[in-house]
Amino acid sequence: MKITVIGTGYVGLVAGACLADVGNDVVCLDVDARKIERLRAGEVPIHEPGLEPLVARNAAAGRLSFTTDVAEAVRFGALQLIAVGTPPDEDGSADLEHVVAAAQGVGRHMDGYRVVVNKSTVPVGTADRVRRAIAAELAARGAALPFAVVANPEFLKEGAAVEDFMRPDRVIIGTDDEEAARVMRALYAPFQRNHERLILMDVRSAELTKYAANAMLATRISFMNELANLAERVGADIELVRRGIGADPRIGYHFLYPGVGYGGSCFPKDVKALARTARDVGVPLDVLAAVERANDAQKRVVSRKIVKRFGQDLAGRRFALWGLAFKPGTDDMREAPSRVLVEDLLARGAAVCAYDPAAMPEARRIFGDRIAYAAAPLAALDGADALAIVTEWKEFRGPDFAELRARLRTPVVFDGRNLYEPADLARAGIEYYPVGRLQARAEAPTGAGR
Ligand code: NAD
């Protein structure tokens, strides 16, 4: 198939490369000329496992190319995948400016039947808006060309995007057009290994499904974060509670990890946008307001613990920070909890030395020389009053605690991801502040009658 991908970001580039890899001819379009230049030069602008070789292989085979030329791109693909950004507007609703611009480009330059596929996360009713935008452009140039608009929200996760696209749990297709449904089935046939993963539905249900999925996951995270704070107060261990409830198959273990709050380019904006849609139509989703409030508060959980331990005034203090990306496997720092922590520490006069395996260039772009950067995790510790962990990268999971203790000025660790067993840290002589865990478990088994 000939496919055009409009918007070559996390979703567009991954989708484009994966679709090329199963034999399609793909043109990726973007308005960002610098990004297209880099891609043409063989540089992949985002950190995503497995993406670089995939792009290189398919570009070399001539199945994947990059352009800023809208007319050329729209004429190329029978399928036009819209994967542009949908950032939050000031009122929390999704800003559809880029989606509408992409649709107008299609209407302006299409020269035959097109299936226009919305992969961007968009509110209910957006397919109608896309349809109207294309129709208006066609009318303006007096062209009567057929087209269909399909809602096909993307569920890939940053950090595992290629894997997710190649082996999706499910593919949601929203359309009431039979020919478009046939084309979509053919598009996804190579990605359905042993059983049908396509779920066909009407357009509006498909649009709502994407928001519902992200809002549900965000709700689980906020619930566990609030529960962790409660556990800490009442002397329970959230890790044991997590296992206790996760064992219930109706609940399951996924997304039950307490921490420093959710971030990234999707959950925060999608929760806001769904709440906004619900308010607009007079059916407010009260639960989402609480989810957001809890998340905003949780992003400060580590700074609160730091202040409790070191006092309000942190002038002259230095903190090592492990992890900047909003989650492991990506260099994405959009809405990352690390940003809130860094700003809190700097505002209180502290110095910060950070390390992240992937997000250092992004952090330099955001913080410049307001913080220091270490070349390795242990190097960040030298002369620091404490270590704060914000992202659960694998390489932070098993440090040499003796060395960690030796390097820190005071042996204190604030762990926003509950990476370690409190008993191990206690044994190593390190003061340990995880989220919602019992502090003194090291002593517990030895004391008779406890
Ligand atoms: P991104 O910001 O990484 O990429 C968007 C790209 O679109 C940018 O390169 C931008 O220059 C380009 N663009 C903007 N307007 C354009 C236009 N008119 N024509 C061509 N290109 C244009 O965004 P992303 O993270 O890939 O997200 C894209 C959409 O997919 C969003 O709606 C997002 O919510 C959704 N989504 C993202 C993820 C994720 O993990 N990032 C997962 C699922 C769904």
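The values are calculated or read from the model by the stated rules, or taken from the named source; none is laboratory data. Keep in mind it's a predicted model, so treat the numbers as computed, not measured. Ideal geometry is used to build each Cβ from the backbone, glycine not excepted, and the neighbour counts take in all protein chains shown. Just the protein is used for accessible areas: all its heavy atoms, side chains included, with ligands, DNA and RNA removed. Shrake-Rupley method; radii C 1.70, N 1.55, O 1.52, S 1.80 Å.
Which numbered condition in (1) free of Cβ contacts under 8 Å to residues at least 24 places away in the same chain; (2) within 22 Å of Asp331 (Cβ to Cβ) is the only one that Glu90 fails?
The number of the failed condition is (2).
Can you tell me which residue in segment 9-36 is surrounded by the fewest Cβ atoms within 10 Å (Cβ to Cβ), limited to those that are closer than 13 Å to Asp69 by Cα and not hydrophobic (A, V, I, L, M, F, W, C)? It would help to see each step written out before you state the result.
We begin by selecting, within segment 9-36, every residue closer than 13 Å to Asp69 by Cα; these are 27-33, 36.
Now drop any that are not not hydrophobic (A, V, I, L, M, F, W, C), which leaves 30, 32.
Values: Asp30: 22, Asp32: 14.
So, considering only residues that are closer than 13 Å to Asp69 by Cα and not hydrophobic (A, V, I, L, M, F, W, C), the one surrounded by the fewest Cβ atoms within 10 Å (Cβ to Cβ) is Asp32.
Where in segment 345-417 are the strands (runs of 3 or more DSSP E), entirely inside, with at least 2 residues that are touching a residue at least 40 places away in the same chain (Cβ under 8 Å) and out of contact with any strand residue (DSSP E or B) (no Cβ under 9 Å at 6 or more places or on another chain)?
Because the criterion is at least 2 residues that are touching a residue at least 40 places away in the same chain (Cβ under 8 Å) and out of contact with any strand residue (DSSP E or B) (no Cβ under 9 Å at 6 or more places or on another chain), no strands (runs of 3 or more DSSP E) in segment 345-417 meet it.
Could you tell me how many of the residues in segment 66-85 are surrounded by fewer than 20 Cβ atoms within 10 Å (Cβ to Cβ), within 13 Å of the ligand (Cβ to nearest atom) and among the small types (Gly, Ala, Ser)?
2
Going by what's in this entry, would Arg63 be described as open to solvent by 40 Å² or more (accessible area, probe 1.4 Å), away from the ligand (no atom under 14 Å from the Cβ) and under 23 Å from Arg185 (Cα atoms)? Lay out the reasoning, then the answer.
Working: open to solvent by 40 Å² or more (accessible area, probe 1.4 Å): yes; away from the ligand (no atom under 14 Å from the Cβ): yes; under 23 Å from Arg185 (Cα atoms): yes.
So Arg63 passes the test.
Among the hydrophobic types (A, V, I, L, M, F, W, C) and in the same structural domain as Phe165 (by TED's automatic domain parsing): which single residue out of Met184, Met216, Met224 fits that description? Give the derivation first.
On the way: Met216 fails: in the same structural domain as Phe165 (by TED's automatic domain parsing); Met224 fails: in the same structural domain as Phe165 (by TED's automatic domain parsing).
Every option except Met184 fails the conditions.
Where residues in segment 267-288 are closer than 30 Å to Glu362 by Cβ and open to solvent by 50 Å² or more (accessible area, probe 1.4 Å), which of them is nearest to the ligand (Cβ to nearest atom)? Quick ask: steps written out before the conclusion?
Step one: filter segment 267-288 for residues closer than 30 Å to Glu362 by Cβ, giving 267-276, 288.
Now restrict to residues that are open to solvent by 50 Å² or more (accessible area, probe 1.4 Å): 272, 276.
Numbers: Lys272: 12, Arg276: 14 Å.
The residue in question is Lys272.
Test Glu179 against the criterion of being within 15 Å of the ligand (Cβ to nearest atom) and modelled with pLDDT of 95 or more, and give yes or no. Steps first, please.
Numbers: within 15 Å of the ligand (Cβ to nearest atom): no; modelled with pLDDT of 95 or more: yes.
Against the criterion (within 15 Å of the ligand (Cβ to nearest atom) and modelled with pLDDT of 95 or more), Glu179 does not qualify.
Answer yes or no: is there a residue in segment 109-118 that is in contact with a strand residue (DSSP E or B) (Cβ under 7 Å, 6 or more places away or on another chain), within 15 Å of the ligand (Cβ to nearest atom) and of a type in the set (Ser, Thr, Tyr).
no
Out of all the residues in segment 109-124, is one or more assigned by TED's automatic domain parsing to the domain that holds Arg185, within 13 Å of Leu96 (Cβ to Cβ), open to solvent by less than 50 Å² (accessible area, probe 1.4 Å) and assigned to a strand (DSSP E or B)?
Within segment 109-124, one or more residues are assigned by TED's automatic domain parsing to the domain that holds Arg185, within 13 Å of Leu96 (Cβ to Cβ), open to solvent by less than 50 Å² (accessible area, probe 1.4 Å) and assigned to a strand (DSSP E or B).
What pairs come out if I take residues in segment 32-44 that are assigned to a loop (DSSP other than H, G, I, E, B) and pair them with residues that are open to solvent by 80 Å² or more (accessible area, probe 1.4 Å) whose C-beta lies under 8 Å away, six or more apart or interchain?
If the second residue must be open to solvent by 80 Å² or more (accessible area, probe 1.4 Å), the pairs left are Val44/Glu52.
Considering only residues that are modelled with pLDDT of 95 or more and hydrophobic (A, V, I, L, M, F, W, C), look in segment 256-266 and name the one that is nearest to the ligand (Cβ to nearest atom).
Val260
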